[in-house]
1. Between Lys245 and Ser326, what length comes free when the chain is fully extended (0.36 nm per residue of separation minus the Cα-Cα distance, one decimal in nm)?
2. Evaluate the distance, in nm, between pseudo-label points positioned 7 Å from the Cα of Arg5 and of Asp237 along their respective Cα→Cβ axes.
3. With a point put 7 Å past each Cα toward its Cβ, work out how far Phe306 is from Asn213 in nm, to one decimal.
4. Relative to the present Cα-Cα distance, how much length would full extension add between Gln85 and His61 at 0.36 nm per residue of separation?
5. Per-residue HN-Hα couplings for the range 86-94, Karplus 6.51 cos²θ - 1.76 cosθ + 1.60 at θ = phi - 60°, whole Hz, x for Gly and Pro?
6. Which whole-Hz ³J(HN,Hα) couplings does the range 287-295 yield from phi under the Karplus relation 6.51 cos²θ - 1.76 cosθ + 1.60, θ = phi - 60°, glycine and proline marked x?
7. Tell me, what HN-Hα J-couplings in whole Hz come from the Karplus equation 6.51 cos²θ - 1.76 cosθ + 1.60 at θ = phi - 60° for each residue of the range 402-412, using x for Gly and Pro?
8. Taking amide H positions as placed in the peptide plane 1.01 Å from N, state which residues far from Trp266 in sequence (5 or more) or on other chains have amide H under 5 Å from it.
Amino acid sequence: NFLRRFQTEQNDFLGRIITGDETWVYSWDPETKRQSAEWRDFDEPRPEKVRRKQGALKVMHMIFFDMNGVILRRPVPIGTTINAQYYKKVLQDKVRPAIRKKRPGLLESGILFHHDNAPVHTARAVTDVLAGYKWELLEHPRYSPDLAPSAQDDCPEGWFNYQSSCYTLVHGHEYFQDAQTKCYEIDGLPVEISSKEENDFVKDLVRKEAFNNETGAYIGAVQMVGMPWFWVHSVDDVSFSDWVKPVPQQSIHDTSCASLNKADDWSWVVQDCGPVQGMASVCERCPQQKKCNNGKCYEILCNVEFYDNIQDRCEAVGGKVVVIDSQEEHDFIKDFLNSASVPKSEVYNTSHIWLSVIGEDFASGFTLSDGTPLTYTNWADGQPSNYLSYWETGDCVVLDATEDWKWNDVPCQNDNAVLCESRE
């Protein structure tokens, strides 16, 4: 449809399109040594260079633009949730006045407005505002790529992006345990829903992707007798819920599961964990994160679990567990981890990331996993500190986000993400 309109209307069509989306903007963009290089005479002193350290600050920005450039860049106050009412107010108070100021005459020519199908964008409150302005809303085929370059969709094929996480629906699982296993097999986990906005997105995904014979979809919440509802992967208590009224009472089964129920417009219901006919399940995962430097590429794999699994996981993506050889390499990796869009660190286990360093016995100390002596270390203050406690069960090493990504030793049975490396 876009191509047909362009063939008949040419630049008059393109010139009236305004599109927008949300993206994370970080406190600064690190400069490489090559980018900061200067030409100087041999007898001139070396240039002074302030050592900068990237902070954890990142701010969501809403960006709207047309073929001539940016019309509005709007930072979202930290702690603010972008819901339908907030998006509507931005359109009314910021976007429309910015169009009138920066593109005189465009409002009179007729706006062709484009955004993706996120629930915030398709809410009735938003569509009513656009209709009131007589802006033509361009169709966005579901799950097609965005026009807006600010979109950060690093999801694998078949996964769909929301707020920097990836989601998919898998079909044909009568038992919750089978659905859980399938999520792990595709590098995901059973979905853990933490807000109304995320819940609306998941419901919309299931509503559109479920087969006609599927009447429900498992999510990752379970309950055992005498315990509150909790998420099966992170084992955190369920803090947000969308139960069909009344709210379910204490389970009478050894284990009860939660699912989205088609008959209740995909709200949550309690049911047996199987066998149940006509069930799908919702999985989520962190986005693909990869960056290259000096002939090496680094990739974050989330929710990997304990240390024994990490080498197989890295080999599956054509790499190996990262070995850090120098301060320069460590600084690059630290910048990469600080800038990576990995949400839900408590769910995806990304606040601690495995290295290929292990302590197998007290006499040998720490080595690479193949027994090779270490040529570089970067321990946090006071580390390693746990080797006497964990030596019998295994003492392994992580990059620790709480220690500015310096090294810390932890039990090898911990659940953590892993950083893989491969040749560029």
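1. The span from Lys245 to Ser326 would gain 23.4 nm if fully extended.
2. That separation, rounded to one decimal, is 5.0 nm.
3. 4.0 nm
4. Once the chain is fully extended between Gln85 and His61, it gains 7.0 nm.
5. 5, 4, 4, 5, 5, 4, 6, 8, 10
6. Per-residue couplings from phi come out as x, 6, 10, 9, 8, 10, 6, 6, x Hz.
7. Calculated HN-Hα couplings, in order: 6, 10, 6, 6, 7, 7, 9, 9, 9, x, 5 Hz.
8. Asn261
Only the coordinates and a few stated rules stand behind these numbers; no lab work does. Only a predicted model underlies this, so the values are computations on that prediction, with no experimental measurement involved. Every residue, glycine as well, gets a Cβ built from its backbone with ideal geometry; the counts of neighbours run over all protein chains shown.
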